[in-house]
Amino acid sequence: EQNTTQPDDEFELDFVDPDTHFCFGGDSQDKGVGGPEIIRQLLKFKAKYPHRVHLIIGNRDANKLRFLSELSADALSDPAVASDTSFPWWLPEPKRVTPEMYLAQNPSPHSDLETLRASRLRWMLKETMGADGAFEARRMELMLQWEGAVDDEDVVSSFMDEVDPEKSKEDAWMLEYLRQAQIGYVYHGTVFVHGGLSENNIGTVPGRSDRIGNIHQWLAALNEWARDQVAAYEAEPSDGKNSRTRVFDGILDYTVAGGNDGKTVIVCDHTENGNCAPIPQLVQKYLLINGCNRIVVGHKPHGDCPSVIRAGGDSGCAVIMADTSYSEMGHVTVKSDEDGPICQWVDNRGQALCEVLVYPDGSVEVHGTRADGRAVEY
């Protein structure tokens, strides 16, 4: 029962109904101003209702574990890292931009470590995380929070602090999210994962050669593996520069295209050439044998309200794709006070906002607002 929440005057999440659960599907930041506050609110919600609030790991959550190792002094001073054409390995070679290439295209008059670190972070966000604009969005967020000037070093510190095991839970909010989150969750026959289920990934766990037939045992093993990866990161967060030998490389690999030999439920989707794709027969069979008949996913933006794929009629399976983050490309959001506009940023979601309600009897309801402001309910 993924439930509507009612914010109070301080925008604190809470339940309307005492018997419902809430599942957040991951990718908590990189979409304009507001990511840190969203995560803090989700963590407060989870702390208040630990067994009713369920947080899913998305690629835009776990990939932040790269910051401390790739922004370390050792990595920044290593010319081999700056000119490494094999990185990022998950992108086709023609699309790769090295830090050296980026710096040549975006020169700086200063060459000190902090200036280089800011440049490297901008490169990471734009060229390896699909988060162009996130650096300036974070600056705007800090300006609104601090009500004062914010320099590049402040922005860099904010990104690094969010995954620093030595910081408090309040400052290392992204790391705390990953501690509390899971890769998959099942409730009333509905499976929640960030990306999707395929014939390749279903039942598999990194490091194991078998396919686990029981879905509850499978997701328990997959979630345990993720917790172990986060713990390995906390033990050595600055390990390995940009290499694939980092002690926590498993979860980094699991969150990129083609990672884990394509056996990842985080970077997977149910589309083909931009259109909804049929649900694979093996996936349908696996779900039905395990008493499940529905998958709710995000990851792949698809329209301005959730898309539904059905197979096998009323006794079959369905996929609900709920990512509407590309609903209004180029939409500009303006933050104002009584004196007028303070700042603005591009928010490709626009007004689109929908929720998926799953009821104990197996029925599902979608309702919300489309990009043009029209209400939607089905």
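The values are calculated or read from the model by the stated rules, or taken from the named source; none is laboratory data. This one's a predicted model, so the numbers in the text were calculated from it and none came from an experiment. Positions of Cβ are backbone-derived with ideal geometry, glycine not excepted, and every protein chain shown enters the neighbour counts. What goes into the accessible areas is simple: the full protein's heavy atoms, side chains included, and nothing from ligands, DNA or RNA. Shrake-Rupley method; radii C 1.70, N 1.55, O 1.52, S 1.80 Å.
Quick notes on this one:
- Dividing the summed helix terms, -39500 (n - 2.57) for each DSSP H run of n ≥ 4, by the number of residues in the chain produces a 222 nm estimate of -8500 deg cm²/dmol to the nearest 500.
- Kirkwood-Stokes translational diffusion coefficient of segment 16-75, alpha-carbon pairs, 20 °C, 1.002 mPa s, µm²/s: 161 µm²/s
- Atom-type composition of the exposed protein surface of the chain places 49 percent of the accessible area on carbon and sulfur (1.4 angstrom probe).
- Length-normalised contact order for segment 45-147 - Cα pairs under 8 Å, 6+ apart - percent: 19 percent
- Restricted to Cα atoms, segment 333-372 shows a radius of gyration and a Dmax of 16.4, 51 angstrom.
- The DSSP beta bridges internal to the chain are antiparallel in roughly 70% of cases.
- Dimensions of segment 248-326 along the principal axes, based on C-alpha atoms and rounded to the nearest Å, stand at 42, 32, 19, largest first.
- The Cα-based radius of gyration of segment 250-378, divided by its Kirkwood radius, gives an Rg/Rh of 1.06.
- Build a GNM of the chain with springs between Cα atoms under 10 Å apart, and of Arg246, Arg208, Arg294 the one that fluctuates most is Arg208.
- Using C-alpha pairs below 8 Å separated by at least 6 residues, the relative contact order for segment 222-378 is 13 percent.
- Of Ser327, Leu282, Ala375, farthest towards positive along the dipole that unit charges on Lys, Arg, Asp, Glu beta carbons give segment 246-377: Leu282
- Exceedance of the 27 Å cut-off in Cα-Cα distance is limited, within the set Lys46/Lys300; Lys169/Lys263; Lys44/Lys126; Lys95/Lys169; Lys95/Lys300; Lys48/Lys241, to Lys169/Lys263; Lys44/Lys126; Lys95/Lys169; Lys48/Lys241.
- Listed residues Pro79, Pro18, Pro206, most fluctuating in the chain (Gaussian network, C-alpha, under 10 Å): Pro18
- Averaging over all projection directions, the Cα-based convex hull of segment 39-116 occupies 7.6 nm² in the image plane.
- Per residue, the accessible area of the chain comes to 46 Å², computed with a 1.4 Å probe over protein heavy atoms only.
- Scaled against 2.2 N^0.38 Å for its residue count N, the alpha carbon radius of gyration of segment 137-285 is 1.25.
- Cα-Cα separations in segment 73-124 greater than 13 Å, expressed as whole percent: 58 percent
- Choice from Ala226, Ala352, Ala47 showing the highest fluctuation, given a GNM over the chain with Cα pairs closer than 10 Å: Ala47
- Charge sum, other residues only, whose C-beta stays under 11 Å from Ala134's C-beta, Lys/Arg counted +1 and Asp/Glu -1: +3
- Charge dipole of the chain about the Cα centre (unit charges at C-beta), most positive-ward option of Met143, Gly250, Val33: Gly250
- For the chain, averaging the sequence separation of C-alpha pairs within contact (under 8 Å, six or more residues apart) and dividing by the residue count gives a relative contact order of 16 percent.
- Inverse of mean 1/r across different Cα pairs in the chain, Kirkwood, Å: 21.8 Å
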